[in-house]
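The values are calculated or read from the model by the stated rules, or taken from the named source; none is laboratory data. Nothing here was measured: the structure is a model prediction, and the numbers come from that model. Virtual Cβ from ideal backbone geometry, glycine too; neighbours counted across all protein chains shown. Quick note on the areas: whole protein, heavy atoms, side chains included, nothing else; ligands and nucleic acids left out. Shrake-Rupley method; radii C 1.70, N 1.55, O 1.52, S 1.80 Å.
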Amino acid sequence: MSSIIIVRDLRGQFGPAREQGLRPTCLAFATSDSHASVRDTTWADLSCEYLFYHAIQRQGASHASGSNIPSIRDALDQDGQPLEAGWPYLRAVSTPWKPPAKVGTVFRRASRMLKGKFGRAWQRVNAGTPVLIGMSISNAFYNPKAGVVDSKEAVDTTRRHAVIAVATGESAGARFLMVRNSWGTGWGLAGYAWIAEPYMKVRIMEMVTIN
């Protein structure tokens with residue numbers, strides 16, 4: 001939708017959109033890339049594998065299950081993560097699944113839960129802070145039309161996903177948040193898409209900012 005006027009755009013803080021493949025690692029990717037975007041250095045991919053591993057250990061769960069917000073925040077703060085080269089992302093997990101003996105320097109970061117819904121995320125992005133959003137999705141999310149998700153499909157809270165709000169936009173008085181996904185550059189606009197406020201505001205479950 002070319003008529004969306006960008007209000008604030010933080011995509012310059014990020015590298016190319018990454019791809020999680022078929023594994024349930026969207027939250028690890030969103031957390032990792034949010035972390036990388038606020039580091040005081042040139043963009044460098046951080047190890048999602050390392051972060052996901054430690055979050056799953058904290059949950060006492062299987063690598064086949066997804067991580068949750070409390071465990072991923074604790075892992076980021078206490079276990080941290082090295083650069084991607086320290087433990088590159090695995091397209092499939094084989095046993096034993098554990099970090100290499102040497103992963104290099106580990107970077108830790110605190111985070112904060114963000115109260116509110118769409119409007120609060122809008123404010124934070126406008127102030128220059130990317131917002132990690134845990135939300136439910138529907139069929140329309142899988143194939144954004146012209147890079148936009150705007151649908152009246154029913155909310156299904158069992159279909160959960162994690163993205164990063166990185167830009168704000170307006171069109172004819174309506175507000176949009178642009179999100180960074182972890183489904184590669186073939187999704188949406190090179191890995192990003194505009195999400196309409198009515199679609200998103202009823203689907204937001206949790207929001208986090210990386211300090």
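Based on the Cβ-Cβ distance of Asp9 and Gln78, what FRET efficiency does E = 1/(1 + (r/R0)^6) give at R0 = 41 Å, to the nearest 0.05?
The value I calculate is 0.80.
Can you count the Lys pairs in the chain whose Cα atoms are under 27 Å apart, with each pair 8 or more apart or on different chains?
Lysine pairs meeting both conditions in the chain amount to 7.
Tell me, which longest segment in the chain has none of the chymotrypsin sites (Phe, Trp or Tyr not before Pro) that fall in DSSP loops with at most 15 further Cβ atoms within 10 Å?
With chymotrypsin sites (Phe, Trp or Tyr not before Pro) excluded where exposed in loops, the chain gives 98-211 as its longest stretch.
For the chain, what is the mean residue ellipticity at 222 nm derived from helices alone (per DSSP H run of n ≥ 4: -39500 (n - 2.57); sum divided by total residues; nearest 500 deg cm²/dmol)?
-6500 deg cm²/dmol
What distance in nm separates the simple spin-label points at Glu153 and Thr95, each placed 7 Å from Cα in the Cβ direction?
Result: 3.6 nm between the two label points.
In terms of modelled amide H atoms, which long-range or inter-chain residues lie less than 5 Å from the amide H of Val149?
For Val149, whose amide H was placed from the backbone, the distant partners under 5 Å are Trp194, Ile195, Ala196.
Give, in nm to one decimal, the length gained when the segment between Ala172 and Ala146 is fully stretched (0.36 nm per residue of separation minus the Cα-Cα distance).
Residue separation times 0.36 nm, minus the Cα-Cα distance, leaves 7.7 nm.
For the range 1-133, what % of the accessible area comes from carbon and sulfur atoms, probe 1.4 Å?
Carbon and sulfur together cover 50 percent of it.
Using θ = phi - 60° and the Karplus relation 6.51 cos²θ - 1.76 cosθ + 1.60, list the HN-Hα couplings for the range 171-183 in order, rounded to whole Hz, with x at every Gly or Pro.
Once θ is set to phi - 60°, the couplings for the range 171-183 become 8, 6, x, 8, 9, 9, 10, 8, 10, 9, 9, 10, 10 Hz.
Could you give me the ³J(HN,Hα) list for the range 33-42, computed from phi with Karplus coefficients 6.51, -1.76, 1.60 and θ = phi - 60°, whole Hz, x at Gly and Pro?
6, 5, 4, 4, 6, 9, 6, 7, 6, 5
As a test of the definition: which semi-axes, in Å, follow for the chain when you take the square root of five times each eigenvalue of its alpha carbon gyration tensor? Largest first, please.
28, 18, 16
Taking 10 °C and 1.306 mPa s as the conditions, I'd like the Stokes-Einstein D for the range 27-88 in µm²/s, using the Kirkwood hydrodynamic radius from alpha carbon pairs.
139
For the chain, the longest stretch holding no trypsin sites (Lys or Arg not before Pro) located in a DSSP loop with at most 14 other Cβ atoms within 10 Å is which?
Result, exposed sites excluded: 160-211.
Could you report the range 61-211's accessible area per residue, 1.4 Å probe, as an integer in Å²?
On a per-residue basis, the range 61-211 sits at 47 Å².
Add +1 for every Lys or Arg and -1 for every Asp or Glu among the other residues with Cβ under 15 Å from the Cβ of Val7, and state the total.
+1
For Ser67, Ser94, write out the residues from largest to smallest accessible area, computed with a 1.4 angstrom probe and no ligands counted.
Putting Ser67, Ser94 in descending order of accessible area: Ser94, Ser67.
Taking the simple approach of a point 7 Å from Cα along Cα-to-Cβ for both Arg112 and Val202, what is their distance in nm?
Roughly 3.1 nm, to one decimal.
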